[in-house]
Each structure stands twice: as C-alpha cells, then as structure tokens.
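The values are calculated or read from the model by the stated rules, or taken from the named source; none is laboratory data. Keep in mind that what you see is a predicted model, and the values were worked out from it rather than measured. So basically every Cβ, Gly included, is an ideal-geometry build from the backbone, and we count neighbours across all protein chains shown. All accessible areas refer to the heavy atoms of the entire protein, side chains included, with ligands and DNA or RNA removed. Shrake-Rupley method; radii C 1.70, N 1.55, O 1.52, S 1.80 Å.
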Amino acid sequence: MIIVISGQPGIGKSTVCLRILEEAVRRGISCGGIVTTKSENWSIVIRDVATGEERTLAQRDRPTGGPQAGRYHFEPAALAFGMKAIQRGAVADLLLVDELGHLEIWDGGFVDAIPVLNRREKPSVAVIRDELLDALLPRFTRPPAVMHT
C-alpha cells in the first residue's frame, strides 16, 4: 500500500510524514527512506531516516551547479545521497519518500523512487504537492491512497 500525503506548500505535509516516522519508530517498525525539513536560512535539509544522517538538499537563491526548481537550487551529491537512502530503505517495513515534486516530473531528482515504491508490497508513504498529483500519480502502477492535509 502506498499512501500519498498531499497539500499546498507549507501546509505541513513533511510534518505529517515526520509524525508517521516517530510513531513507527516508537512501535519498533523498521523505517527507511528520506524526510525533509527547512532550516532557518530557508535551505532544505534531507535526512536518511535509517541512519539519521543529514545533508543540505537545496538552497534558496544560491546556485549549486545542480537542478533548479523555483527559487531552490539542488545539490547533486545530496540528491544521490537521498536516492541511496530510498534504495536501501526499500527493504524496511515502512518506506518514506518526502517529497516527489517538480524535479521528478522532469525525470530528475528522486524519479527512481517511483519504481521502488511500485515494487514494494510493504507500506510506503510519499509526499506530493496537490498541484503535482495529476502529473505524478499516473506513474504509480497501483493507485495510492491520497490523504490531503
């Protein structure tokens, strides 16, 4: 089963994802994948949920040499770090992918996470903004349950 957490930017999709992670860990459920948070300087930080390791994923208005979506410039090494966390997390009881967005629509970012999600029989949670659902949901081989925040 794939659950998609959706909503507008800044509404708390990642916060819901973090709460699911906290509860799963509390219950002893093995977790893998990634979660993201915003730092005080508006950078996006990515965390491997299995190891707790963090990296700066994207910076606002600061070119990184990587892809750009809106005002955010993405770090290529952090994208690779995140994809490895997703691939390793594929064997966990719960896989979290926070989030799939514009880069994935353009076949970049964590686009390879979608086949990983499609192959899983165990529960998975993915975060997708409302306005991107029409572009990303058709890429799933079975319809996910969509929860709007």
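Test of understanding: among 64, 56, which residue is more than 12 Å from the chain's Cα centre (by Cα), modelled with pLDDT of 95 or more and open to solvent by 20 Å² or more (accessible area, probe 1.4 Å)? Working first, answer last.
Working: 64 fails: modelled with pLDDT of 95 or more.
The conditions single out 56.
What number of residues within region 93-115 are of a type in the set (A, V, I, L, M, F, W, C), open to solvent by less than 10 Å² (accessible area, probe 1.4 Å) and more than 13 Å from residue 74 (Cα to Cα)? Before the answer, list the steps.
Within region 93-115, the first condition is being of a type in the set (A, V, I, L, M, F, W, C), and the residues that meet it are 94-97, 100, 103, 105-106, 110-111, 113-114.
Imposing the further condition that a residue be open to solvent by less than 10 Å² (accessible area, probe 1.4 Å) reduces the set to 95-97, 100, 110, 113-114.
Narrowing further to those that are more than 13 Å from residue 74 (Cα to Cα): 95-97, 100, 113-114.
The qualifying residues number 6.
I'm trying to understand the selection: among the residues of region 134-149, which are part of a helix (DSSP H, G or I) and open to solvent by 20 Å² or more (accessible area, probe 1.4 Å)? Please lay out each step first, then the result.
Filtering region 134-149 down to residues part of a helix (DSSP H, G or I) leaves 134-139.
Correct list: 134, 135, 137, 138, 139.
Could you list, ordered by first residue, the pairs with Cβ atoms under 7 Å in which the first is in region 60-85 and closer than 15 Å to residue 43 by Cβ and the second is in a loop (DSSP other than H, G, I, E, B) and of a type in the set (Lys, Arg), at least 6 apart or interchain?
60/71; 61/71; 73/62
Table: residues versus (1) out of contact with any Gly (no Cβ under 6 Å at 6 or more places or on another chain); (2) at pLDDT below 95; (3) part of a strand (DSSP E or B).
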{"residue": "3", "(1), (2), (3)": "yes, no, yes"}
{"residue": "9", "(1), (2), (3)": "yes, yes, no"}
{"residue": "14", "(1), (2), (3)": "yes, yes, no"}
{"residue": "19", "(1), (2), (3)": "yes, no, no"}
{"residue": "32", "(1), (2), (3)": "no, no, yes"}
{"residue": "40", "(1), (2), (3)": "yes, yes, no"}
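Take the residues in region 102-124 that are without any contact (Cβ under 8 Å) to a residue 12 or more places away in the chain and assigned to a loop (DSSP other than H, G, I, E, B), then tell me which one is farthest from residue 143 (Cα to Cα).
Taking region 102-124 first, the residues without any contact (Cβ under 8 Å) to a residue 12 or more places away in the chain are 107, 111, 115, 121.
Next, from what is left, pick out any that are assigned to a loop (DSSP other than H, G, I, E, B): 107, 111, 121.
Numbers: 107: 20, 111: 17, 121: 13 Å.
Looking at the filtered set, the residue picked out is 107.
For region 1-30, give me each residue that is more than 18 Å from residue 144 (Cα to Cα) and among the hydroxyl-bearing types (Ser, Thr, Tyr).
Kept after step one, since they are more than 18 Å from residue 144 (Cα to Cα), are these residues of region 1-30: 8-12, 15, 18-19, 21-30.
Hits for region 1-30 are 15, 30.
Here are some conditions: (1) in contact (Cβ under 8 Å) with a residue 60 or more places away in the chain; (2) over 14 Å from the mean Cα position of the chain (by Cα). Residue 26 meets all but one. Which one does it not meet?
Residue 26 satisfies all of (1) in contact (Cβ under 8 Å) with a residue 60 or more places away in the chain; (2) over 14 Å from the mean Cα position of the chain (by Cα) except (1).
Can you go through 82, 7 and tell me which one is within 15 Å of the chain's Cα centre (by Cα), open to solvent by less than 20 Å² (accessible area, probe 1.4 Å) and within 22 Å of residue 122 (Cα to Cα)? Show your work before the answer.
On the way: 7 fails: within 22 Å of residue 122 (Cα to Cα).
Among 82, 7, only 82 is within 15 Å of the chain's Cα centre (by Cα), open to solvent by less than 20 Å² (accessible area, probe 1.4 Å) and within 22 Å of residue 122 (Cα to Cα).
Would a scan of region 67-74 turn up a residue that is open to solvent by less than 50 Å² (accessible area, probe 1.4 Å) and out of contact with any Gly (no Cβ under 8 Å at 6 or more places or on another chain)?
Yes, some residue in region 67-74 is open to solvent by less than 50 Å² (accessible area, probe 1.4 Å) and out of contact with any Gly (no Cβ under 8 Å at 6 or more places or on another chain).
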